[in-house]
Amino acid sequence: MARHSQKRKARKGRIFVTILVALLILVGVVAVIGYFQYQSSLKEAQNDSKLKEYKFNGVKADGDAINVLLIGSDSRGADQGRSDSLMIAHYNTKTNTPKLVSIMRDTYVDIPGHGKNKINAAYSYGGPELVRQTIKENFGVDVEYYVVANFEGFPKIVDTLAPEGIKINAEKDMSKNIDVSIKKGEQVMDGKTLLQYARFRKDAEGDFGRIRRQQQVLEALKEQALDVGDVTKIPDVIGKLQGYSSTNIPNGTLMSIGADFLLGKTKTMEKFAIPVEGKWHNERIEGAGSVLRLDDMAANAQALQDFLK
């Protein structure tokens, strides 16, 4: 009896080892395929976009927070131009809480080494690094990473994330100064249409309506495009995102945060905007044009810091 028992234990041991080896081989194959998917997508996008890299002296935020400077650029060729949109994406890796801050491009601030001007001029003067310094000097917020996305690549990023399109409830009819005609109501938009929806500002609200729609678009991307529940898509998505944008975010950080979103670990995205309501006014300044003058810079800075806690 003892001999038969030993034989059964030996067979069980061999079966366990066989299963374990098979699993290890499977994991290895998936990892190799994922790596080649990432490299292929990255090279394809880089050859298409040809975006440059920037020097960026990012500073880590306190605790478990990651702050990423998001810059939408409409630059063409050697002309870097001003930033067309400016945001701070905040993610707490412990609580899985995403937050999004929009800074209106006409906000009048001190730009280190250049005096006072609209905040979107900082990108033209010194790229993402000067934008980071400007945010720190005026609002006391540290930013660790940056992402610059040229609007020519945005539709391709969206179409990679969501080949079937993104469902959006359009606020109103839109057609003035954009390349498409958009009707009010719920609809599915491809990357090109979504970009035009996010950029539209030829109405009474101007940039105030535009930043609301930009936040709406990013929320929709988070909820729909990344709600695929398939981690095998992460390498392809990350490769395209990196290739169609310039960023200093490490691959490991991108993969980790991407997995959180894909697996549904993240909470509802909280949103905020600068200037703070009731603490600014319109003003025309020689050399800068029409600006948003902050009535109380300290109050705006404190409100931003409180939101990011």
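Key figures
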| quantity | calculated |
| --- | --- |
| Percent of Cα-Cα distances greater than 27 Å, calculated over region 167-309 | 40 percent |
| Qualifying lysines (Cα of each under 29 Å from Cα of Lys94; at least 8 residues distant if same chain) | Lys55, Lys60, Lys136, Lys222, Lys233, Lys240, Lys265, Lys267, Lys271, Lys309 |
| Translational D in µm²/s for region 92-159 (Stokes-Einstein at 25 °C, 0.890 mPa s, Kirkwood Rh from C-alpha pairs) | 179 µm²/s |
| Region 236-256 and region 118-160: distance between their alpha carbon centers, rounded to Å | 16 Å |
| Per residue value of the accessible surface for region 244-289 (all protein chains in place, 1.4 Å probe), Å² | 57 Å² |
| Rounded percent of accessible protein surface that carbon and sulfur make up, region 270-309, 1.4 Å probe | 47 percent |
| Accessible surface of region 87-126, 1.4 Å probe, proportion on carbon and sulfur as whole % | 42 percent |
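The values are calculated or read from the model by the stated rules, or taken from the named source; none is laboratory data. Since the model is a prediction, treat every value here as computed from it, not as a measurement. Accessible surface areas use protein heavy atoms only, side chains included; no ligands, DNA or RNA. Shrake-Rupley method; radii C 1.70, N 1.55, O 1.52, S 1.80 Å.
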